[in-house]
Amino acid sequence: MNQAVSQPFSTYQKRILLLMALIQFSIILDFMIISPIGDILMKTLSINTTQFGLVVSAYAFSAAIAGIVAAGFMDKFDRKKLFLWFFSGFILGTLACALSHNYWQLVLARVVTGIFAGVSSATLFTLVIDIFAPQQRGRAMGVVQMGFGVSQVVGIPLSLFIATHLGWEFSFIAIVILTLAILVATGLILQPVTEHLAQQQHKNPFVHFVKVLSQSDYRTGFAAVMFLTIGGFMLMPFTAPFLINNVQVTAEQLPLIYLSTGLLSLAVMPLMGKFSDRYDRFTLFTIGSVGAVVMVFFYTHMSATPLWLVILINLLMFTFILCRMAPAMALNSMVAKPEDRGAYMAISSSLQQIAGGLGAFIAGMVIVQQDAHSPLQHFDLLGYIAMGIFILCVFLVGRVSKLLTARKLAH
């Protein structure tokens, strides 16, 4: 058991959780929308699989670089002001995506969006750690990660409908409208977060950055978080093209698959958040990882398959993948000291983005498609690589769990 007593949320915390879930929803949707509309983009802009992999990885790499550059400054400002500034840039970047008319304009727009999205996401999770006590963070992370589920249930099916009937550009315009409303709500509801400023010992941002990187405990956390999502990033960009061209799912059926996955995550993430505050987090992560390895094998070896079986395999795979996230994020939230949280989360987010961008780029190099309507080749090989990374991540997260246990016993 992790916590003997479950601490309830205050009214303010409940409002903040709802707001943070909406923020996470918008950031995830902006990134993930590239995958379901990938088939439309590849055919509309006449781009191949390697170029499409670059569209995905450009966002991830730019987010990673921005996070590293910003890491030294993250703990120097009021978290609220920092978030509002970068989230505003994220909105402008998304608008630039909607206004893109060719491949290179889209790549540049995704770079700009990634720069601001990476720091916005890191600041968001830093706020979760600042506002919620350790015994609340599993549940808080679970609720915030529900943004993924909402994006699957509402965002992606609606965006697919818009892209199919109005054009892919209008999917990004819809996100811009939503995020403007979220920006206003954040300014009104979120209180200033400045307690960490009183604990600052390093005034120079570069010195602070080096100090965070130099701590062995932090490097243990960085190693684990870097590989947490890379396997998913390898598979995700080519999910829609794989389902359409290999499994023979129609474009009209695709939203149903995303909808069912989203409904599942809405149920699984809060439940796993509660379990993460009650049971051993590493054990939960290991169970999820083993299940994910098994289901990724079945998923990546599908050929022409009935829709009901595609949905079932997809649901089981995502159940186990989601079971990994809340325990791992809760463990990672406990690694850094309060005065280092902003920098630690910024670097963690950057490493995840680097790993994700590398995963998408590798996937684009591994996957081969003869023409826009041919089946994808080597998707099964990609699955084997992802399975190996899931297994490696169990070892790395286990090191974080042992570190936190030793630290607790020392005190």
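Laboratory data are not the source of any read-out in this text; all were calculated from the coordinates shown. Quantities reported herein were computed from a predicted structural model and do not represent experimental measurements. FYI the Cβ positions are ideal-geometry reconstructions off the backbone, even for glycines, and counts take in every protein chain you see.
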Query - Listed peptides 235-246, 398-409, 118-129 by packing density, highest first (mean Cβ within 10 Å) - result: 118-129, 235-246, 398-409
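Below 8 Å between Cα atoms, with a sequence gap of 6+, how large is the relative contact order for the range 238-372 in percent? Please list the in-between numbers first.
On the way: 86 pairs, mean separation 40.5, N = 135.
It rounds to 30 percent for the range 238-372.
Going by average Cβ neighbours within 10 Å, how do the peptides 286-292, 272-278 rank, with the highest at the top? Please list the in-between numbers first.
Working: 286-292: 20.0, 272-278: 22.6.
Peptide ranking by packing, descending: 272-278, 286-292.
Please report ILE16, ILE177, ILE40 as a ranked list, fewest other C-beta atoms within 10 angstrom at the top and most at the bottom.
Numbers: ILE16 23, ILE177 9, ILE40 17.
Fewest to most other Cβ atoms nearby, the residues stand as ILE177, ILE40, ILE16.
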Query raised in the report: Could you state the number of Å between the C-alpha centres of the range 237-310 and the range 82-146?
Result: 23
Requested in this report: Tell me which residues come under 5 Å, amide H to amide H, from ASN246 once H is placed; ignore anything under 5 positions away on its chain.
Outcome: LEU376
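So what is the relative contact order for the range 94-189, in percent, with contacts set as C-alpha pairs under 8 Å and at least six apart?
On the way: 42 pairs, mean separation 36.6, N = 96.
Relative contact order of the range 94-189: 38 percent.
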Query raised in the report: Which of the aspartates and glutamates could a cross-linker span from LYS76 if the Cα-Cα distance has to be under 17 Å and same-chain partners fewer than 8 positions apart are dropped?
Result: ASP130, GLU195, GLU339, ASP340
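If you place +1 on the Cβ of every Lys and Arg and -1 on the Cβ of every Asp and Glu, how big does the dipole about the Cα centre of the range 1-119 come out, in debye to the nearest 20?
Details: 8 positive and 4 negative charges, 62 e Å.
Using Cβ point charges on Lys, Arg, Asp and Glu, the range 1-119 gives about 300 debye.
Take each complete run of DSSP H in the chain, measure how far its Cα atoms stretch along the helix's own axis, and keep only those covering 27 Å or more with mean Kyte-Doolittle hydropathy at least 1.6; list them.
Details: long enough: 11-32 (31 Å, 1.20); 49-71 (33 Å, 1.52); 79-98 (29 Å, 1.07); 103-131 (41 Å, 1.47); 169-189 (31 Å, 2.43); 254-278 (36 Å, 0.94); 281-300 (28 Å, 1.52); 307-332 (37 Å, 1.88); 341-366 (37 Å, 0.91); 379-410 (47 Å, 1.46).
In the chain, the long hydrophobic H runs are 169-189, 307-332.
How much mean residue ellipticity at 222 nm does the chain get from its helices, if each DSSP H run of length 4 or more adds -39500 (n - 2.57) and you divide by all residues, to the nearest 500 deg cm²/dmol?
Details: 18 runs with 308 residues, N = 411.
Taken over the chain, the calculation gives -25000 deg cm²/dmol.
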Report summary line: Which residues qualify? For VAL368, with a placed amide H closer than 5 Å and at least 5 residues away or on another chain, they are GLN377
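Remind me, relative contact order of the range 1-130 in percent, using alpha carbon pairs under 8 angstrom and six or more residues apart?
Working: 104 pairs, mean separation 39.9, N = 130.
This gives 31 percent for the range 1-130.
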Query raised in the report: In this model, which of LYS14/LYS81; LYS14/LYS408; LYS81/LYS337; LYS274/LYS402 are farther than 24 Å apart at the alpha-carbon?
Result: LYS14/LYS408
